[in-house]
Amino acid sequence: MDLFAVAIGLAALGLLALLFAVRRLWQARFLVGGSAACLGLAAAAVAALLLAVASNLATYERLTHEQPVAELTFEALGPQRYRATLKRLPDGEVRSFLLAGDEWQLDARVLKWRGWANVLGLDARYRLERLGGRYRDIEQERSAPRTVLSLAEDPGLDLWTLSFEHPGWLPFVDAVYGSATYLPMADGADFRVTLGQSGLLARPSNAAAARAARSWD
């Protein structure tokens, strides 16, 4: 069921109740008019909350099984400097970033549901959060310039943060967790990233990426 449609239906119900309340108050039927006004305001408040929740969920993608979420390609620009091209899946949006380091790391947030949220047909959802560069050497990781770039828009009301900080407020949220995957960067390397119930998983897509992954051995 579409939360936007539910919210719009509740908003329409609230508007009708408020119009009915105005008419009854004009007729000096204060008890009936006051009750209708309370009903209309309550419906409008619930509609506003559902719209906020639906708007936040729109920043996440559906997760029903292990599925591809991104493709990454790297071009070496210098020592420990790379241009990373990220293609989001399934919408195909392409963005380029400059990363410093030896390895790349992709982070995501995941939301799962329970109870009536499942009855409403809400699938688990994910949102890619950020892409960053990592140094293999610990001392470099502590002192060298870092490159960490946001992939998510400002969500306003954020269900993930609310459920993490106040778990009792959102009983319909079953679990929230972060997931990350990282592999070496290399010139010409292509990687494909999938997300399943266990989290993010990156796999080499060409020979250059496979050689980079083997360099960890």
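The values are calculated or read from the model by the stated rules, or taken from the named source; none is laboratory data. Only a predicted model underlies this, so the values are computations on that prediction, with no experimental measurement involved. Glycine gets a Cβ as well: all are built from the backbone with ideal geometry, and neighbour counts include every protein chain shown.
Does Ala144 qualify as being among the hydrophobic types (A, V, I, L, M, F, W, C) and at pLDDT below 70? Steps first, please.
Details: among the hydrophobic types (A, V, I, L, M, F, W, C): yes; at pLDDT below 70: no.
Criteria not met by Ala144.
Restricting attention to the range 81-103, report how many residues are part of a strand (DSSP E or B), over 27 Å from Arg142 (Cβ atoms) and of a type outside the set (Ser, Thr, Tyr).
4
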